[in-house]
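Here's the structure we're looking at; comments come further down.
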Amino acid sequence: MYETSYHHDLTSDYERLAGFYEAIINNANGIVYDIGAGSGILSTWAAPYANFVYAVEINPNVAKRTESQLKDFKNIKVILGDAKNTLFLQKANLEKADLIICEMLDTALIDEEQVPVLNSVAKNLKACGEIIPNGIINGVEPVEIDVEHICYDEDGSPKNKVLGDLLIYDKIDFKDQIDKNKWIDENIDLMLDLKINKKGTVSGIKITTFTLITQDIICGPTPMLNPPLIIPTNKLKVDEGNSIKLSLSYIMGGGLNSIEASIKRIS
Ligand SMILES: C[S@@+](CC[C@H](N)C(=O)[O-])C[C@H]1O[C@@H](n2cnc3c(N)ncnc32)[C@H](O)[C@@H]1O
């Protein structure tokens, strides 16, 4: 496939692809949206099982390539547009979807538009429809770090020493939240207790996101899917057995600048 280097890296991450492949071939039917189609790879897997696939891509250069990649598929239409723009969705006049595939994932869904996009397209999903991925699970750990800016942990770099237990602080089931509330709350604002299991100086937190591609296919961080996010905080010297209070807030889709994190001692 002819792609940008970013899409090349995405389509070379076989662990990520394997999870999506299994989920798509077992769930694609009727009308499918592939939102954030990129290389179009997910659309090509859905097409043999679907009546029709709408592949939506925001980037005009990428969309051109997607179109040329998918030209031999008679039941895929590539649509250039911003899927979080409700006016665009009205104009595109899409039939309601049996399945929405939306792979705009990033760690804790902060820096990509997965949640605002799902909130926009949710009303186009049939009541019995499905969403791939189904959702995410987020965990946080206190860490000792030397960096003073927010960054991703790529194979242990920047160096970070984990000083406490992993706390699972959020589980988002996209379909369930949309069914219950008609939308997913984009604002996260939490006070969390973290247990320290090693002496050191906590100077940051590490957020790890696990993707529920379906309820049965859980994909941990892979090179191109949600590398752990390192966020500096104020510093606290700690001993094994201590607990600290973490105040954590961010906006899903609001970008890394929306993150605020600080810690204080409890015991
Ligand atoms: C992580 S890539 C996934 C590409 C492809 N679906 C895959 O799994 O290989 C996300 C894609 O979503 C597109 N995108 C980002 N925001 C979008 C939006 N608001 N509407 C439509 N496409 C968007 C990006 O340009 C990018 O191609």
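Read the figures in this text as sums done on the coordinates, not as results from a lab. Remember, it's a predicted structure, so these values are computed and weren't measured experimentally. Note that each Cβ is placed from the backbone with ideal geometry, even for glycine, and that neighbours are counted across all protein chains shown.
Can you list the GluC sites (Glu not before Pro) in the range 93-122 that are in a DSSP coil and have 13 or fewer other beta carbons within 10 angstrom? Could the numbers behind the result be given before it?
Details: sites: E95, E103, E112, E113; in loops: E95, E103, E112, E113.
Filter output for the range 93-122: E95.
Give the residue from T209, I184, N160 lying farthest towards the positive end of the charge dipole for the chain; charges sit on Cβ (+1 for Lys and Arg, -1 for Asp and Glu) and the dipole is referred to the Cα centre.
Checked the options; the winner is I184.
Between D155 and S247, what is the label-point separation in nm under the 7 Å Cα-to-beta-carbon projection?
In this crude spin-label approximation the distance works out to 3.9 nm.
Can you compute the FRET efficiency between E186 and E260 using 1/(1 + (r/R0)^6), with r the Cβ-Cβ distance and R0 = 22 Å? Round to the nearest 0.05. The partial results should precede the final answer.
Details: r = 15 Å, r/R0 = 0.68.
After rounding, the FRET efficiency stands at 0.90.
Kindly identify the range 5-103 as rounded, prolate or oblate by the Cα gyration tensor criterion: order the square roots of the eigenvalues as a ≥ b ≥ c, call it rounded if a/c is under 1.5, otherwise compare a/b with b/c, prolate if a/b is larger, else oblate. Could the numbers behind the result be given before it?
Working: a/c = 1.59, a/b = 1.15, b/c = 1.38.
Oblate shape, in that a/c is at least 1.5 and b/c is the bigger or equal ratio.
Which value results for Rg/Rh of the range 136-265 when Rg is the Cα radius of gyration and Rh the Kirkwood radius based on the inverse mean 1/r? Write out the running numbers ahead of the final one.
Working: Rg = 15.1 Å, Rh = 15.4 Å.
With Rg and the Kirkwood Rh in hand, the quotient comes to 0.98.
Taking 0.36 nm per intervening residue step and subtracting the Cα-Cα distance, what contour gain separates L166 from L87 on full extension? Walk me through the numbers on the way to the answer.
Numbers: separation 79, 0.36 × 79 = 28.44 nm, distance 4.15 nm.
Roughly 24.3 nm would be gained on extension.
Using +1 at the Cβ of each Lys and Arg and -1 at the Cβ of each Asp and Glu in the range 69-186, identify which of L70, P133, H149 lies farthest towards the dipole's positive end.
The residue sitting farthest along the positive end of the dipole is L70.
Give me the one-decimal Kirkwood hydrodynamic radius in Å for the chain, with the sum taken over alpha-carbon pairs.
Its Kirkwood hydrodynamic radius stands at 19.5 Å.
Rg and Dmax of the range 73-164, Cα atoms, in Å?
According to the Cα coordinates of the range 73-164, Rg and Dmax are 18.4, 54 Å.
Given an 8 Å cut-off on Cα distances and at least 6 residues of separation, report the relative contact order of the chain as a percent. Can you show the working numbers first?
Numbers: 639 pairs, mean separation 49.2, N = 267.
With pairs under 8 Å counted, the relative contact order is 18 percent.
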